[in-house]
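Reviewing the structure listed below.
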Amino acid sequence: MDKIINNVDCIVIGAGPSGIAAAITVARSGKKVILIDRSEYPGSKNMYGGAVYKRALEELFCDDIQNMPYERIINDHTWAFLNDEGVFNISYNNPADSNAFAIKRFDLDSWMVNIAKKEGVYYIPSTLVTSLIIKDKKVVGIKTELEEYFAPVTIIANGANTILLGQAGLRKKDLEPKDVILTIKETLKLDKKTIEDRFNLKEDGTTGKNMLFFGSDFGNLKQYNNLFMMTFLFTFKDTIMLGVGCNLEDLKKNKLNINYILDEVKKHPVISQLIKDTKSIEYSAHIIPEGGFYDMPKLVSDGVMVAGDAAGFINGVHFEGTNFALISGKLAGETALDAIEKNDFSKNMLNNYIKRLEKSFIFKDLYTYRNVINLLHKRANSISVYYPNKIKEFFEIITGANNISKSQQYRKFLTNFIKERNILELFKDAFCALRCALDMLFGK
Amino acid sequence: MRLRYAFWEIITMNDDKNKKSIQDKLANIKYNCDSKSHLILDQEKCKNCKEKTCTFICPANVYEYNEQLDEITVVYENCLECGACKLVCEKKSIEWHWPKASCGVVFKNS
């Protein structure tokens, strides 16, 4: 078979946020860069919670972001604890704020790829990278189903499921279920006007709602008391995104299918009202590598760097991922440029990528949150079952008007709070909270 | 004994309901189907696997245990490409590839 040999300055695998950011950065200095993606249309293999962040986009696209086809600005945030019938929530709403945009990945990635093409990136869609070409332990190019491409530096940015890291010796073993959140999401269609009325949003799309729900002690999920799960809801223009994420190890242990959880969540009295009369138009699934700081692959080797989800750059607590991807891609791109300039593609030279990451918020935040997800996972019962129920009991006293002396009820509440569970659990919760707080305060 | 049977019945009933629910949701998704499976199982390893985690974990219900053949059937056409199956497989029996270029699931509204 004829093989066309293609030589470029830099190869970027995966046209998601990090890949595009890397490719644009390299192309802006006039270097020849190819951006390879397996999908026919940008974004058609991707799913995410629902928001992309302005600051990170600004760093790459500057004023172009005014033309981004976003659906709503997300600035009304709610954190909620579900119990078997009701919900306790805290909200923060600032209609003037415009830090997060709700946009479908199909639109977002297409928009970014179009800018990349204008900036001189050679975009190659519908092309699957089957393996890396490694010579003398150096990555010198890639093999696709039909062709081979060669470049002195390759940036791997093809997401959490990348199988290329193993080939380059960057990841020795697979991700472990305990470090992975399996997420599914349903896109629910609802008339634009109804969404605005229901969530109290403006017509022009300058406001949007994001809700995060904790708690799993309702419906048929009552039989499981250790699920580390979270439900999220984002309002788009004429759709609502409703999804759940649950720790893969917990699903495996409990022999649970995640769609079952989503269906139970949809039946919850509070959520069923929020999604009333909607029609499901799409269903998607994805894994989120939450291992963080301790579970990163090697990020650099001779002639290769890793960015975005592939490297596990995520802050699960704050729902940040797209910004980590964009900025890590940009830093990888900058490092590739330095390497091209000096014509040195050794591991030593590319280690500058790690130095850049260390200076950025990426490594600092990953370090700060290095223990948090793990600690919270261990306290899953407290977060998902015990406290949501205690909150319910507390508010039943406050709002109950049940003709029983309040003082008597408070005393009963307090004694129950201590007696109902092994007192050790309470100390463990306090210890976990303290550890998290200390990590945040004395992080980087 | 009767109680246990009732409990089992509830579980299997929920299981069937969930399968139906997944089927309904998958019906909304666009796929460009490949003619060949991108998920390859080592059926010998699967025969010795007690847990068969893939059969209940997959959000698209791609894996189903066929008792008559003592085999796992793979409905790769439904795959959402999340990769969970590969991570939970006890026997490391799943050889997980991406579908061929531009094949597989096409998300337009996610």
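The values are calculated or read from the model by the stated rules, or taken from the named source; none is laboratory data. Given the structure is predicted, the values throughout are model-derived calculations rather than measurements. For neighbour counting, all protein chains shown are included, and Cβ atoms are generated from backbone atoms with ideal geometry for every residue, glycine included. Protein only, heavy atoms only, side chains kept; ligands, DNA and RNA dropped before computing areas. Shrake-Rupley method; radii C 1.70, N 1.55, O 1.52, S 1.80 Å.
Summary of computed values
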quantity	calculated
Hz values of 3J(HN,Hα) by residue in segment B:43-49 - Karplus curve (6.51, -1.76, 1.60), Gly and Pro given as x	4, 5, 5, 5, 4, 8, 8
Spatial separation of Cα centroids for segment A:226-265 and segment A:153-199, in angstrom	14
Surface share of carbon and sulfur [accessible, 1.4 angstrom probe, percent] for segment B:30-106	47
Distance from segment A:63-98 to segment A:332-394 (C-alpha centre basis), Å	23
Cβ-placed point charges (K, R +1; D, E -1), dipole of chain A about Cα centre in debye, nearest 20	1060
Contour excess over end-to-end distance, with Cα ends at A:Arg55 and A:Lys135 and 0.36 nm allotted per residue	24.9 nm
Relative counts (whole %) of C-alpha pair distances in segment A:216-312, using bins that are 10 Å wide	12, 36, 28, 16, 6, 1
Net +/- balance of residues flanking A:Lys192 in space, Cβ distance below 12 Å, scoring K and R +1, D and E -1	-1
Radius of gyration and maximum dimension Dmax of segment B:30-106, Cα, Å	12.1, 35
Separation in nanometres of the label points that stand 7 Å from Cα toward Cβ, at A:Asn389 and B:Ile40	5.0
Label-to-label distance, nm, for residues given as A:Lys342 and A:Ile418 (7 Å Cα→Cβ offset)	6.3
3J(HN,Hα) from dihedral phi, segment A:281-297, Karplus parametrisation 6.51/-1.76/1.60, rounded to Hz, x for glycine, proline	10, 7, 9, 9, 9, 7, 9, 10, x, 9, x, x, 4, 7, 10, 6, x
Computed accessible area, A:Leu170, all protein chains, 1.4 angstrom probe, square angstrom	10
Gain on full stretching of the segment that runs from A:Lys143 to A:Asp197 - 0.36 nm per residue minus C-alpha separation	14.2 nm
For segment A:363-421, with +1 on Lys and Arg beta carbons and -1 on Asp and Glu, the positive-most of A:Ile418, A:Ile398, A:Ser384 along the dipole	A:Ile418
3J(HN,Hα) from dihedral phi, segment A:38-51, Karplus parametrisation 6.51/-1.76/1.60, rounded to Hz, x for glycine, proline	7, 8, 6, 10, x, x, 7, 10, 10, 9, 8, x, x, 9
Number of partner chain Cβ atoms within 10 Å, mean per residue of A:37-44	5
Over 31 Å (Cα to Cα) - which of A:Lys330/A:Lys444; A:Lys266/A:Lys406; A:Lys32/A:Lys209; A:Lys31/B:Lys92; A:Lys392/B:Lys52 fall in this group	A:Lys266/A:Lys406; A:Lys32/A:Lys209; A:Lys31/B:Lys92; A:Lys392/B:Lys52
Accessible area expressed per residue, segment A:109-202, with surrounding protein chains retained (probe 1.4 Å, Å²)	43
P(r) weight above 36 Å for chain A, C-alpha pairs, percent	32
Relative contact order of chain A, pairs being alpha-carbon contacts under 8 Å that are 6 or more residues apart, as %	20
Share, in percent, of DSSP beta bridges within chain A that are antiparallel, nearest 5	70
At least 24 Å along the helix axis (C-alpha) and Kyte average at least 1.0, DSSP helices within chain A	A:423-441
Potential lengthening between A:Ala433 and A:Ser360 on full extension [0.36 nm per residue; Cα-Cα distance subtracted]	23.6 nm
Length-normalised contact order for segment B:30-106 - Cα pairs under 8 Å, 6+ apart - percent	46
